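Here is the structure we will look at, set down as structure tokens.
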Amino acid sequence: MDFEPMTATPIRAHKRLQFNMFIQPIPKFKLMKNFPEALLPLFWVEEGITLDDEFVNKVKMVFKVLAVVGSYLSKP
């Protein structure tokens, strides 16, 4: 998950899953007798969501308001 650090608003979330298969040499099969012992990735699955423009604009507005208030408070 990616968060905007000042407001802790979640901006993006993704999850990934990888499926693997353990391979090893099989002497009875000519093609497979020289296989190494290894973990072979078969496929990956990924799902995700990103904050849509409506909410991104709301987060931007928070920063604009903070900038205006901050500049007003810093004046002598």
Where residues in segment 19-29 are out of contact with any Pro (no Cβ under 6 Å at 6 or more places or on another chain) and part of a strand (DSSP E or B), which of them is farthest from residue 48 (Cα to Cα)? 23
Need the failing condition index for residue 72 against (1) surrounded by 10 or more Cβ atoms within 10 Å (Cβ to Cβ); (2) out of contact with any strand residue (DSSP E or B) (no Cβ under 7 Å at 6 or more places or on another chain), just the number. (1)
Pick from 69, 59: which is touching a residue at least 24 places away in the same chain (Cβ under 8 Å) and assigned to a helix (DSSP H, G or I)? 59
Of 6, 21, 61, 1, the only residue that is of a type outside the set (S, T, N, Q), modelled with pLDDT of 90 or more and exposed (fewer than 11 other Cβ atoms within 10 Å of the Cβ) is 21
Of the residues in segment 4-45, those that are out of contact with any Leu (no Cβ under 8 Å at 6 or more places or on another chain) and of a type in the set (Ser, Thr, Tyr) come to 7
Which listed residue is within 24 Å of residue 17 (Cβ to Cβ) and surrounded by 11 or more Cβ atoms within 10 Å (Cβ to Cβ), from 51, 39: 51
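The values are calculated or read from the model by the stated rules, or taken from the named source; none is laboratory data. Since we're looking at a predicted model, the values are computed, not measured. Glycine gets a Cβ as well: all are built from the backbone with ideal geometry, and neighbour counts include every protein chain shown.
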